[in-house]
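Please read the structure below before turning to the comments.
Where a number appears in this text, it was derived from the coordinates with a stated rule and is not lab data. Note that the structure is a prediction, hence the values are computed from the model and not measured. In this analysis, Cβ positions are derived from the backbone assuming ideal geometry, glycine residues included, and neighbour counts consider all displayed protein chains.
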Amino acid sequence: GENVEQHPSTLSVQEGDSAVIKCTYSDSASNYFPWYKQELGKRPQLIIDIRSNVGEKKDQRIAVTLNKTAKHFSLHITETQPEDSAVYFCAASIGDGSGGSNYKLTFGKGTLLTVNP
Amino acid sequence: DSGVTQTPKHLITATGQRVTLRCSPRSGDLSVYWYQQSLDQGLQFLIQYYNGEERAKGNILERFSAQQFPDLHSELNLSSLELGDSALYFCASSFSPSWGETQYFGPGTRLLVL
């Protein structure tokens with residue numbers, strides 16, 4: 001099955017700096033890569049996702065890049081703010097793109113990001 | 001608020017007992033997923049249902065079972081509980097189980113087995 005490795009497990013940055021979290025996946029058939037943010041005691045929430053036909057996607061201060069050849073994808077957060085402090089999870093899934101199929105998400109073990117004021 | 005509801009929020013029970021966790025998906029969503037989150041294992045996919053039918057299984061123990069009812073709510077049954085079953089259990093839902101469909105997570109049920 002799919003295996004997703006996520007690094008680093010903890011990351012501490014100063015407010016205003018950039019943060020980068022990296023994930024690698026094992027199954028070359030994976031084609032959907034979401035990123036979730038989980039604040040302490042709360043539910044995971046989708047913050048950005050990318051599909052295998054796209055190399056990069058950006059949403060304000062958040063961007064995700066995908067390198068299918070190397071089987072890795074990364075989350076980039078620029079101009080970090082204290083409210084960005086949370087655990088971030090990457091995930092990968094395989095789907096055939098047709099309705100009625102099933103897909104499951106395999107998550108990385110998470111990165112605890114701390115943004116110091 | 002994602003629109004996914006889970007009950008109860010907290011559950012404390014003893015080893016050997018059986019519990020049922022309940023999940024109501026977002027209005028209009030047909031697919032439900034169950035995840036277990038523990039400190040050392042992260043988020044582990046357990047099982048997925050779509051419109052009442054089981055669609056995919058992950059690392060779900062034989063002591064655990066689930067079902068999705070005609071009104072689309074889902075229940076996760078955990079039996080013969082062990083200390084190691086203590087974890088946060090999340091339910092997520094999506095409109096369909098199709099590729100790239102966003103999964104919306106509920107608030108979770110925190111289970112403590114003593």
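How many nm separate the modelled label positions at A:ASN53 and A:LYS68, each set 7 Å beyond the Cα in the direction of the Cβ?
For the pair A:ASN53/A:LYS68, the computed spacing is 1.0 nm.
Reachable lysines from A:LYS68, Cα under 27 Å, same-chain residues fewer than 8 places away excluded?
Within reach: A:LYS22, A:LYS37, A:LYS57, A:LYS58, A:LYS104, A:LYS109, B:LYS57.
Under 25 °C and 0.890 mPa s, how fast does region A:1-60 diffuse according to Stokes-Einstein, given a Kirkwood radius computed over C-alpha pairs? Answer in µm²/s, whole number.
Numbers: Rh = 13.7 Å.
D = 179 µm²/s.
Around A:ILE62, with a cut-off of 12 angstrom between Cβ atoms, what is the net charge of the other residues, counting Lys and Arg +1 and Asp and Glu -1?
On the way: positive: A:LYS37, A:LYS57, A:LYS58, A:ARG61; negative: A:ASP49, A:GLU56, A:ASP59, A:GLU79, A:ASP84.
Its environment carries a net charge of -1.
For the protein assembly as shown, build the charge dipole from Cβ charges (+1 Lys, Arg; -1 Asp, Glu) around the Cα centre, then report which of B:THR15, B:VAL32, B:SER96 sits farthest towards its positive end.
The residue sitting farthest along the positive end of the dipole is B:THR15.
How big, on average over all directions, is the shadow cast by the Cα convex hull of chain A, in nm²? The partial results should precede the final answer.
Values: hull surface 29.3 nm².
So the mean shadow area of the Cα hull is 7.3 nm².
Using only Cα atoms, what Kirkwood radius does region B:30-114 have, in angstroms?
Numbers: mean 1/r = 0.0759 Å⁻¹.
So the Kirkwood estimate lands at 13.2 Å.
Mind checking region B:23-71 for trypsin sites (Lys or Arg not before Pro) that DSSP puts in a loop (not H, G, I, E or B) and that have at most 15 other Cβ atoms within 10 Å?
On the way: sites: B:ARG26, B:ARG55, B:LYS57, B:ARG63; in loops: B:ARG26, B:ARG63.
Answer in residue order: B:ARG63.
Translational diffusion coefficient of the protein assembly as shown at 4 °C, 1.567 mPa s, Stokes-Einstein with Kirkwood Rh over Cα pairs, in µm²/s as a whole number. Please list the in-between numbers first.
Numbers: Rh = 18.1 Å.
Estimated diffusion coefficient is 72 µm²/s.
Give, as a single signed number, the net charge of other residues whose beta carbon lies under 12 Å from the beta carbon of A:TYR88, with Lys and Arg counted +1 and Asp and Glu -1. The partial results should precede the final answer.
Details: positive: A:LYS22, A:LYS37, A:LYS109; negative: A:GLU39, A:ASP84.
Once all neighbours under 12 Å are counted, the net charge is +1.
Could you give the dipole magnitude of chain B about its Cα centre, charging the beta-carbon of Lys and Arg +1 and that of Asp and Glu -1, in debye to the nearest 20? Walk me through the numbers before you get to the answer.
Working: 8 positive and 11 negative charges, 37 e Å.
It works out to roughly 180 debye.
Residue by residue through region B:69-77, what is 3J(HN,Hα) from phi via Karplus (6.51 cos²θ - 1.76 cosθ + 1.60, θ = phi - 60°)? Round to whole Hz and write x for glycine and proline.
Each residue of region B:69-77 in turn: 8, x, 7, 6, 6, 10, 10, 10, 9 Hz.
Under 8 Å for C-alpha pairs, at least 6 residues apart: give me the relative contact order for region A:22-117, rounded to a whole percent. The partial results should precede the final answer.
On the way: 189 pairs, mean separation 28.1, N = 96.
For region A:22-117, the relative contact order is 29 percent.
About the Cα centre of the protein assembly as shown, what is the dipole size in debye to 20, counting +1 per Lys and Arg Cβ and -1 per Asp and Glu Cβ, all else neutral?
On the way: 20 positive and 24 negative charges, 27 e Å.
That gives the protein assembly as shown a dipole magnitude of about 140 debye.
Within region B:41-114, report the GluC sites (Glu not before Pro) that DSSP leaves as loop and that have at most 14 other Cβ atoms within 10 Å. Walk me through the numbers on the way to the answer.
Working: sites: B:GLU53, B:GLU54, B:GLU62, B:GLU75, B:GLU82, B:GLU101; in loops: B:GLU62, B:GLU82, B:GLU101.
For GluC sites (Glu not before Pro) across region B:41-114 that sit outside H, G, I, E and B with at most 14 neighbouring Cβ atoms in 10 Å, the list reads B:GLU62, B:GLU82.
Loop only per DSSP, at most 14 neighbouring Cβ atoms within 10 Å: give me the GluC sites (Glu not before Pro) in region A:20-84, ordered by residue number. Write out the running numbers ahead of the final one.
On the way: sites: A:GLU39, A:GLU56, A:GLU79, A:GLU83; in loops: A:GLU39, A:GLU79.
Listed in order of number, the matching sites are A:GLU39, A:GLU79.
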